[in-house]
Each structure stands twice: as C-alpha cells, then as structure tokens.
1. Looking for something over 23 Å from H30 (Cβ atoms), in a helix (DSSP H, G or I) and open to solvent by 20 Å² or more (accessible area, probe 1.4 Å) - is there at least one such residue anywhere in region 189-201?
2. Here are the criteria: (1) open to solvent by less than 40 Å² (accessible area, probe 1.4 Å); (2) in contact with a helix residue (DSSP H, G or I) (Cβ under 9 Å, 6 or more places away or on another chain); (3) part of a loop (DSSP other than H, G, I, E, B). Tell me which single one N168 does not satisfy.
3. Identify the residue in region 12-32 that is farther than 15 Å from L68 by Cα and without any contact (Cβ under 8 Å) to a residue 60 or more places away in the chain and, among all such residues, is least open to solvent (accessible area, probe 1.4 Å).
4. Would you please name the residue that is modelled with the lowest pLDDT, looking only at residues in region 1-11 that are part of a loop (DSSP other than H, G, I, E, B) and open to solvent by 90 Å² or more (accessible area, probe 1.4 Å)?
5. Only one of N231, N178, N168, N210 is modelled with pLDDT of 95 or more, more than 30 Å from Y99 (Cβ to Cβ) and not β-branched (V, I, T); which?
6. From E160, E141, which residue is in a loop (DSSP other than H, G, I, E, B), out of contact with any Cys (no Cβ under 7 Å at 6 or more places or on another chain) and free of Cβ contacts under 8 Å to residues at least 12 places away in the same chain?
7. Only one of R62, R74 is free of Cβ contacts under 8 Å to residues at least 60 places away in the same chain, in contact with a Phe, Trp or Tyr (Cβ under 7 Å, 6 or more places away or on another chain) and open to solvent by 60 Å² or more (accessible area, probe 1.4 Å); which?
Amino acid sequence: MSSRKRRYHDVFCGRIETPSREVLENLYMHAKEVGYYACIPSFCITPKLDTKTLQDAVVKLRSMIDDLQSVGYRVYLRCHFTGLGQVEMKKMLPRIRGYCDLVSVEAISREIAAFSSRDRRVDIVTMQPLISPKLYKGDIEYILRYGKFVEVIASSLLAEDAQVLAKNISSIRSLLSNFSRKKVPVLISSGDKGIKDPRSLIAFAELVLNLDGTFVATSISKIIEQRLNENVEKRLGIRPVEGVRVEGKAG
C-alpha cells in the first residue's frame, strides 16, 4: 500500500471528560482536515470515577458515536485507564468492555504493565515517559500473541523546559528500543494538546524515537484498522469466539 493510500488512524485524538456530541464532531473534522481517515477520542477513566458514573458515561458515548457513524463519521470509542490499580480495573473492565472499540491502559508500574500486556480485554499498552517500566520479554510475547499495541502519546513528551523534553524523549527511546526489530506494533498518537498530522508523527517516530517509520505507518493504518474491525465484530456478536465469524449477522 503506497503512502498516499494509507488510511491513517489517530488513536488518541483528544481527551473526553464528559459525553459531548459537539466535541466528538469537532475532533473528527479536525482529524480529517490534517489527513486522518479515522479518529479515536479517548474517554479517560480515572480513580475519581465510580463504577455507576463510568458505565452511564460510556453508554452515552456509545450511543453518540453510533449516531455519528450512521451519518458517515469514522469515529470510534476508546476507554483509557489512567492512574488505576489492577483491582479497580478488573472491577470496571467487565462493565465497559462490551461498549468499547478499544481499551487502553497506562503502564504506570511493573504490576500494571504486566496486567495490561496479558489481559486480553486490553488492546493498547500506553507508555509514559519517566514513569512506565521497561517491558519484559514475557510482556512482549503476550503483546505479540494477542495482537496488542504499544502506544506513545506525542503530547506526553512535550515540555517547555529543554532538559525535561530531552529526558522524556530519552526515556521513551529506551523503553521502545528493539521494538522495530521485534515487530511490536507501535502507535504514535496526538494526545490531548492538539491533533498532529500523521506524517509529522511518523517522521518524529523515525527521526527522534529511532523507530521503523514504515512499520509505524502500517501500525497506525492497516494493523489498527484490522483490530478495530475485529473488535466491532465482537461487540456486535459477529465474532463470538476468536477465529470464528458468524456470516450474515449485522448490527
């Protein structure tokens, strides 16, 4: 697939605090303007959210996104766990997984990195500079086995202080070293401080983070699109068991 024909996806094109159709529409239109085929706003799940409030918000977002998709918007629902422990995530995941197109977890500790790499309900392991631990060989094996992704959010690296910026970049480079060689799909996304165009992010991944630019381009286009399609089919009951697809069933 040539570069011009790639269908790029910004998998973290903005942070959603509360359900808002207007915010979703604006994020999609902005992403489309800078060259994305589809975008995935992230509803961030933090320790301050109780289970009932969380589930109500996710149900509302699912309904809004379904309505937008019905009129041609290529926008998806991602739930992003940040700052929670393993016990809290295990409690919340069964309540929201069935509504989500993607689920991601910030790897803020060794325990959370292992959990997010191994739990099949999690699609994306998000790495934070100066916080996330290095992934072990076993973590990477599970990520590859289950078709997961490792993510770097561009806005998480930004800093006005040049020393802090350098430390952030060095930290992420160290965490991702050898990922290109091991063919671990790495997603580079904009984050919550403005949508960046896909080619700028790919160039940044290649020149600054020392990643394989072609493989990053494939990860944020073909590979993530395949994962999204599979997850949508699971959510709609078209793919009830891994590797089994029910023909003729539609949502």
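The values are calculated or read from the model by the stated rules, or taken from the named source; none is laboratory data. Remember, it's a predicted structure, so these values are computed and weren't measured experimentally. Every residue, glycine as well, gets a Cβ built from its backbone with ideal geometry; the counts of neighbours run over all protein chains shown. When the accessible area is computed, the model is the full protein with side chains, heavy atoms only, and any ligands, DNA or RNA have been set aside. Shrake-Rupley method; radii C 1.70, N 1.55, O 1.52, S 1.80 Å.
1. no
2. Condition not satisfied by N168: (3).
3. Residue satisfying both the conditions and the ranking: I16.
4. M1
5. So the residue among N231, N178, N168, N210 that is modelled with pLDDT of 95 or more, more than 30 Å from Y99 (Cβ to Cβ) and not β-branched (V, I, T) is N168.
6. Exactly one of E160, E141 is in a loop (DSSP other than H, G, I, E, B), out of contact with any Cys (no Cβ under 7 Å at 6 or more places or on another chain) and free of Cβ contacts under 8 Å to residues at least 12 places away in the same chain, namely E160.
7. R74
Each row is one residue, and each column tells you yes or no for (1) over 21 Å from P198 (Cβ atoms); (2) in contact with an Asp or Glu (Cβ under 9 Å, 6 or more places away or on another chain); (3) in a strand (DSSP E or B); (4) at pLDDT 95 or above.
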{"site": "Y36", "(1), (2), (3), (4)": "no, yes, no, yes"}
{"site": "F43", "(1), (2), (3), (4)": "yes, yes, yes, yes"}
{"site": "K48", "(1), (2), (3), (4)": "yes, no, no, no"}
{"site": "K52", "(1), (2), (3), (4)": "yes, no, no, no"}
{"site": "V103", "(1), (2), (3), (4)": "yes, yes, yes, yes"}
{"site": "E111", "(1), (2), (3), (4)": "yes, no, no, yes"}
